[in-house]
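S.K.: Before we start, here is the structure in question, set down as structure tokens.
The values are calculated or read from the model by the stated rules, or taken from the named source; none is laboratory data. Computed from a prediction, not measured in an experiment: that's the story for all the values here. As a convention, Cβ positions derive from the backbone with ideal geometry for all residues, glycine included, and neighbour counts pool all protein chains shown.
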Amino acid sequence: MRAACVIALFLAAFPSTHAQWSDTARANDVQKKPRFILNFDARRQEVRGRIVRFFGLRAGIQERYNIYALGLYGLGDPFQESGVKLEDIGRDSVDVRSTMGYLSLTYERILFDTPKWQMSVPFMIGLGQANVDYKDTSGVYQPYREVRVVPLESGIRASYKVLFWLYLQGGLGYRKVIGPSPLVNAEFSGATWNFGLSIKFGKIYKYAKDKIEERRERKAGEDGPP
């Protein structure tokens, strides 16, 4: 919603740009000059029969068909599970909740890029932490484990370019979590997928910056030398 408000304000400030945004809707992403990228990245995963969501923010550099990016990801809501056996605390059936967050390093290879479509294959390695709490006999969650995790993920991603800054995106992949906790590894390893709108904030920023510079140059030319 906030992003939509910012875009609406930008269009109001530059009414003549609306048609130009449509003109650039079919631009190819692959360019000779390296450029900065910034976008939200979210995906879903099935964990023991329930769907959980991971949200993330990714920033990096695209150099022709290669994308190098750093990301920050986290579980949207804690995953809760009942009837878990924790032998080291002497509990045969207990409620637990788990969270996970991590930093990631991604290399993404663009397989093809047309004015309308793009397909790519990302390879990601992360480093983060998972927290596991259990509910005691009084119904209060107590810390159980804080463990380091190394998520590994790959897949395939396809995008349809609605506008140069707005993509309709979908993808399938697989995440493998490596760490000292078998419970965490089992819960968060599995197939991942995403489908939805992707807003390219880096492109919006560059477009706004270019338009502001154009207006300054045009205004300077109209005013003429002193």
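S.K.: What's the total number of residues in the range 28-44 that are assigned to a strand (DSSP E or B) and either among the hydrophobic types (A, V, I, L, M, F, W, C) or under 14 Å from the mean Cα position of the chain (by Cα) (or both)?
M.R.: Initially, the range 28-44 is screened for residues assigned to a strand (DSSP E or B), giving 35-44.
Subset that is either among the hydrophobic types (A, V, I, L, M, F, W, C) or under 14 Å from the mean Cα position of the chain (by Cα) (or both): 36-44.
Number of matching residues: 9.
S.K.: Restricting the range 25-54 to residues that are modelled with pLDDT of 90 or more and surrounded by 14 or more Cβ atoms within 10 Å (Cβ to Cβ), which is nearest to G196 (Cα to Cα)?
M.R.: R44
S.K.: Going by the conditions given, is E87 surrounded by 12 or more Cβ atoms within 10 Å (Cβ to Cβ) and among the charged types (D, E, K, R)? Outline the logic, then answer.
M.R.: Details: surrounded by 12 or more Cβ atoms within 10 Å (Cβ to Cβ): no; among the charged types (D, E, K, R): yes.
It is false that E87 is surrounded by 12 or more Cβ atoms within 10 Å (Cβ to Cβ) and among the charged types (D, E, K, R).
S.K.: Of the residues that sit in the range 90-130 and are β-branched (V, I, T) and closer than 24 Å to G171 by Cβ, which one is surrounded by the fewest Cβ atoms within 10 Å (Cβ to Cβ)?
M.R.: So in the range 90-130, the residues β-branched (V, I, T) come out as 94, 96, 99, 106, 110, 114, 121, 125.
Then keep just the ones that are closer than 24 Å to G171 by Cβ; that gives 99, 106, 110, 114, 121, 125.
Working: T99: 16, T106: 19, I110: 17, T114: 12, V121: 15, I125: 16.
Ranking the candidates gives T114 first.
S.K.: State whether one or more residues within the range 40-50 are over 18 Å from I156 (Cα atoms) and of a type outside the set (D, E, K, R).
M.R.: yes
S.K.: Residues in the range 137-147: is at least one under 21 Å from Q45 (Cα atoms) and in a strand (DSSP E or B)?
M.R.: Step one: list which residues in the range 137-147 are under 21 Å from Q45 (Cα atoms), which gives 147.
Checking the rest, the ones that are also in a strand (DSSP E or B) come to 147.
So far as the range 137-147 goes, yes, one or more of its residues are under 21 Å from Q45 (Cα atoms) and in a strand (DSSP E or B).
S.K.: Are any residues in the range 155-179 closer than 14 Å to M100 by Cα and either in contact with a Cys (Cβ under 7 Å, 6 or more places away or on another chain) or not in a strand (DSSP E or B) (or both), and if so, which ones? Outline the logic, then answer.
M.R.: Pass one, the range 155-179, residues closer than 14 Å to M100 by Cα: 175-179.
If the condition is that a residue be closer than 14 Å to M100 by Cα and either in contact with a Cys (Cβ under 7 Å, 6 or more places away or on another chain) or not in a strand (DSSP E or B) (or both), then G179 is the only one that fits.
S.K.: I want to confirm something. Restricting to the range 181-218 and keeping residues that are outside any helix (DSSP H, G or I) and β-branched (V, I, T), which single residue is farthest from Q169 (Cα to Cα)? Before the answer, list the steps.
M.R.: Looking only at the range 181-218, we keep the residues that are outside any helix (DSSP H, G or I), and these are 181, 189-200.
Add one more test, that the residue is β-branched (V, I, T), and what stays is 192, 199.
Working: T192: 14, I199: 10 Å.
Among them, the one singled out is T192.
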